[in-house]
Structure formats: structure tokens, C-alpha cells
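The values are calculated or read from the model by the stated rules, or taken from the named source; none is laboratory data. A quick note: this is a predicted structure, and the numbers were derived from the prediction, not measured. Virtual Cβ from ideal backbone geometry, glycine too; neighbours counted across all protein chains shown. Each accessible area value is taken on the protein alone, full model and side chains, heavy atoms only, with ligands, DNA and RNA left out. Shrake-Rupley method; radii C 1.70, N 1.55, O 1.52, S 1.80 Å.
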Amino acid sequence: MKGIVILGATGSIGVNTLDVISRYQNDYRVVALSAHRQVDRLYQQCLRFKPEYAVMSDAASAEQLKAKLSHDAVDIEVLAGSEALETIASLEQVDIVMAAIVGAAGLKSTLAAARHGKRVLLANKEALVMSGQLFMDEVKKNNAELLPIDSEHNAIFQSMPEHYESLQQAGIAKILLTGSGGPFRQRSLSELSGVTPDQACAHPNWSMGRKISVDSATMMNKGLELIEACWLFDTDPDHIQIVVHPQSIIHSMVQYIDGSVLAQLGQPDMRTPIAHALAWPERIDSGVEMLDFFNMQQLEFEKPDYQRFPCLRLAEEAIRTGGTAPAILNAANEVAVASFLDEELAFTDIPLVIEETLHQRQSRAATTLDDIIADDMAARETAEQIIKSRV
Ligand code: NAD
Ligand code: MG
């Protein structure tokens, strides 16, 4: 029996993870679940999976959950706050941590899982984007296992040799990072300025949380994934080609120097990468429908458009700058996306806010977690001021 913690259990990835686990109740034991403020959802999950711990972001939500659970006489310790997230990610009885909180809020708990040598299933890409080298060093130092959940990175991982050290050693020429192009792939710049949050969140192929949905629409998601791939596979943007593939059937590819291209294909359903990473190196049934090649749309490929989607360029520049630049980029993006979702910022102003924040905040070496978090917070303030001055 493997002990598992799900950070961000009530989100899209969290729910999909519980769906896979529910098929293997004899193999995985849910030790802890966390949620931000969705008391009712976490309550239902607690009743079903009976974890030892449940964590809510604030004391008031934790009290509500406690009160509900006390009626059912289930013995679950309810905790509150971000330190409690680190606690549950570090518990001795835990083998696997699913890092599925969205944004910088998941950084410390994801890092705690790495520091305690867990198998870390990484969905929370923002954590790696922010802390890059520091995170990878902790994984190595503490013998943690880092397995990508992001479908593209999971596909790349699956298309690589088992004992991967570097692109060069593996005979790899390029990583081909695919992306659907999001809901606005075919919109002109002038049409983009008036789009609404609901339009941005209506992704053609994937059903996801609202923040990552907006990131997909601006293509910042692909930019963050470029940075994520640089860290996971120890490479640079010169060796990663973004390929727009609207059908999301190929989840990414690896191009070898002998001319071979290996790809991972599947339904656009996150239960596939989740099941892969849970059971790796074994394979388990994820509940996902098999691909039917006789009943498939044509597969198309396009170059990414850096004019309509400037977030791609901003992310690439940030990883080339290095240090805390990706953390600044990420923080400004989180603020701008939240503001767009609140209908206070136009869609096309998202990249402008990020670019101006990167302009105003100097990046520096990202050697300590404190420096990274300080630059993240300063960038948030700057981005907020920029947004205020625009309206
Ligand atoms: P979501 O919004 O559906 O869920 C987020 C989860 O985190 C929820 O459980 C929420 O309660 C919790 N949470 C939110 N803010 C928090 C805070 N401040 N403190 C503590 N907990 C908080 O998001 P999602 O779509 O499941 O995405 C989660 C992560 O996985 C993101 O980093 C995203 O980029 C990544 N990811 C998601 C998908 C997908 O298909 N949904 C695919 C690839 C990567
Ligand atoms: Mg992805």
C-alpha cells in the first residue's frame, strides 16, 4: 500500500487523481487531502476516501469542515494554513505527493515533498518555473522522484530513454513541445481585445481550472511549459520547438539525431499522465477511453504566432535572463490573470502588464527560497500598481 497526499484535491487535477486512485483502493491509501476554501467538496472527498488529515487554507474554512465531519463521526485531523501543507507533504507514511495546487501558493509544499524524498507528481508547474535550479537540486540531493503530470512533459518523459542524463547523451536533437493553441488560435489581434473570461476559459480540448485556462488562451501556459521543460530535461529554449497541434492527440515529441521522432499519443484526458506517474514504471488502467485511429480527425501542425501571443516571447526571454526573472514573470502573470478574470483588465493587456513588470523589476540570482519569494511578492505589487494606473 502506497500512502498518497493530494495537494489541491478539489481542483481539476485533484479530482482526476482521486478518480484514478478510486480504482485501486488496495494499492493506494489517501493520507491527506487539501483545498483552498471549497469546504463542501473537500468534505465529500473526506467521507469517501477517509484520509488521516485534511487541510484548508484558513481557520474559518477548517472550522466549518471540522463541524461537518464531527456529525459523521469520522476521525480526520483538520488543519489550516500553508505550513500545514508542508507538514502533510512531509509525513513519514507518505510515499507519493500529487502537487496540484495552482500557482505560487503551491511552491513551499511542493518543495517540502522534494526535500523529504517523496515521489513528486508535478502538476503545479508554477512551482518549478519559480524555483528552477533550487527545486531540481533538492530533488537530486534528497533522492526524490520527480514525475511530470503536465501532459506535454509526461509525453516527453515517456518518449525519452529510461536513463536520461542530457539531450546530448541521449542523442536527442530537439524536444517538440506541442500545444493546442487554445480557444483563440484563429482570432485576430483586434478580436482578442474584447474577449471575456468565459470565452477564454472555454478550452476546445481540455477541461481545466480557470487560471490555467486563461494561460492556455494567452499561450502563457506554453511559455511556462517551455521553462518547465528546460528544468525537467536540463536544456534551453534553443533545443525546444513549440509546435501548435490543435487536436491535442499528440501530447509532445522527441526528435533524435538519427531522424527518429518518438511521440506519446492519447485522448486529451489528464487521467493518462496521472496513472502513468502513479504507477511508473508499471502501467495501470486509467479509465481513459482508447484512441481509435479509424475514427480520428486529421492531425494538423502550425508554427506558433509570437505576434498575437506575446506571452510566448516573454517566457522565453525570462528563462534566457535566468535568476528570478521566471518568478517575476509568473507573479505578474498570476496578478494579471486574476485581474482579467475579475473583468478589470482586458485580455490583450495581460502581456503588457507582464512585460512592464519585468521591465521595472530587476532579476537576480535565484539562490535562496527567500530571495525567490521576495521577488515574487515585489513583482505582484508592481503588477498591481501597473494595472491600477491603466484603469
Ligand atoms: P484548479 O483551479 O482546478 O484547482 C486548484 C486546486 O488548488 C484546488 O484544490 C484549490 O482549492 C487549490 N488552491 C487554489 N488556490 C490555493 C491557495 N492559495 N492555497 C492552497 N490551495 C489552493 O486548478 P487545476 O486545473 O487542477 O490546476 C492545478 C495545477 O495543475 C496548476 O498548476 C496547473 O497549471 C496544473 N495543470 C493542470 C492541468 C489540467 O488539466 N487541469 C494540466 C496540466 C497542468
Ligand atoms: Mg500542459
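Residues in segment 205-219 that are touching a helix residue (DSSP H, G or I) at 6+ places or on another chain (Cβ under 8 Å), more than 6 Å from ligand 1 (Cβ to nearest atom) and open to solvent by 40 Å² or more (accessible area, probe 1.4 Å): Ser207, Arg210.
When segment 32-47 is filtered for residues that are under 26 Å from Ser151 (Cβ atoms) and out of contact with any Pro (no Cβ under 6 Å at 6 or more places or on another chain), the ones remaining, listed by number, are Ser34, Ala35, His36, Gln38, Arg41, Leu42, Gln45. Selection over segment 79-89 of residues that are open to solvent by 30 Å² or more (accessible area, probe 1.4 Å) and either more than 10 Å from Val55 (Cβ to Cβ) or part of a helix (DSSP H, G or I) (or both) gives a count of 4.
Does segment 167-176 contain at least one residue that is within 16 Å of ligand 1 (Cβ to nearest atom), open to solvent by 30 Å² or more (accessible area, probe 1.4 Å) and of a type in the set (A, V, I, L, M)? Checked segment 167-176: no residue is within 16 Å of ligand 1 (Cβ to nearest atom), open to solvent by 30 Å² or more (accessible area, probe 1.4 Å) and of a type in the set (A, V, I, L, M).
Listed here are the residues, each with its yes/no results for (1) under 20 Å from Ala99 (Cα atoms); (2) open to solvent by 70 Å² or more (accessible area, probe 1.4 Å); (3) in contact with a Leu (Cβ under 6 Å, 6 or more places away or on another chain).
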position	(1), (2), (3)
Ile21	yes, no, no
Asp27	yes, yes, no
Val39	yes, no, yes
Lys50	yes, yes, no
Ser57	yes, no, no
Ala60	no, no, no
Ala67	no, no, no
Ile76	no, no, yes
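Number of residues in segment 286-299 that are open to solvent by 100 Å² or more (accessible area, probe 1.4 Å) and within 25 Å of the chain's Cα centre (by Cα) equals 2. Checking each residue in segment 244-266 for being open to solvent by 50 Å² or more (accessible area, probe 1.4 Å) and among the β-branched types (Val, Ile, Thr) picks out Ile257, Val261. Among residues of segment 40-64 that are under 12 Å from Thr10 (Cβ atoms), those with a Cβ under 9 angstrom from a residue that is of a type in the set (Asp, Glu) and surrounded by fewer than 16 Cβ atoms within 10 Å (Cβ to Cβ), sequence gap 6+ or separate chain, pair up as Tyr43/Asp72; Cys46/Asp72; Ala54/Glu77; Met56/Glu63.
Note on segment 96-120: residues that are near ligand 1 (Cβ under 10 Å from one of its atoms) and either of a type in the set (Ser, Thr, Tyr) or open to solvent by less than 10 Å² (accessible area, probe 1.4 Å) (or both) amount to 6. Considering only segment 69-91, I want to know if a residue exists there that is touching a residue at least 40 places away in the same chain (Cβ under 8 Å), within 21 Å of Leu278 (Cα to Cα) and over 20 Å from the mean Cα position of the chain (by Cα). Checked segment 69-91: at least one residue is touching a residue at least 40 places away in the same chain (Cβ under 8 Å), within 21 Å of Leu278 (Cα to Cα) and over 20 Å from the mean Cα position of the chain (by Cα).
Listed here are the residues, each with its yes/no results for (1) of a type in the set (S, T, N, Q); (2) without any contact (Cβ under 8 Å) to a residue 12 or more places away in the chain; (3) farther than 24 Å from Gln255 by Cβ.
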| residue | (1), (2), (3) |
| --- | --- |
| Met130 | no, no, yes |
| Lys140 | no, yes, yes |
| Ile149 | no, no, no |
| Gly171 | no, no, no |
| Lys174 | no, no, no |
| Ser180 | yes, no, no |
| Gly194 | no, no, yes |
| Lys211 | no, no, yes |
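Within the set Pro304, Pro268, Pro326, the sole residue that is touching a residue at least 60 places away in the same chain (Cβ under 8 Å) and not assigned by TED's automatic domain parsing to the domain that holds Asn205 turns out to be Pro268. Just one of (1) open to solvent by less than 40 Å² (accessible area, probe 1.4 Å); (2) within 16 Å of ligand 1 (Cβ to nearest atom); (3) outside the structural domain of Asn330 (by TED's automatic domain parsing) fails for Ala144. It is (2).
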